[in-house]
Amino acid sequence: MPIGSQILGTIQAYNLVGPSTSSTLNTVGAVVIGAPQTAITNLASGSSTGPSVVELTWDVVTSQDSGGSPVDYQVWWDQGSSGTTWSMM
């Protein structure tokens, strides 16, 4: 099932005689989510950035980009290694 697909549902009751009619289709549904498929865009340093403070801004990853709203972001920095060593902040 592709990311972003809506999962719909219906229910039937069963006993020894057989099944009931199906319930009304649940059209609210859950959505198949996965890792965001779109990279962060418009990453920039904020106005408070200075010698001892780093402020970053970026465009929010939308639920359309990720198949479900992201719950967190991870910020990594290279510790001045020109991109050879990365640590999560």
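Overview of values
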{"quantity": "Descending semi-axes in Å of the chain, equivalent ellipsoid built from Cα gyration tensor", "calculated": "48, 14, 10"}
{"quantity": "Cα-based convex hull, the range 1-50, per residue volume (Å³, whole number)", "calculated": "155"}
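Read the figures in this text as sums done on the coordinates, not as results from a lab. Bear in mind that the values here come from a model prediction, so they are computed numbers and not experimental data.
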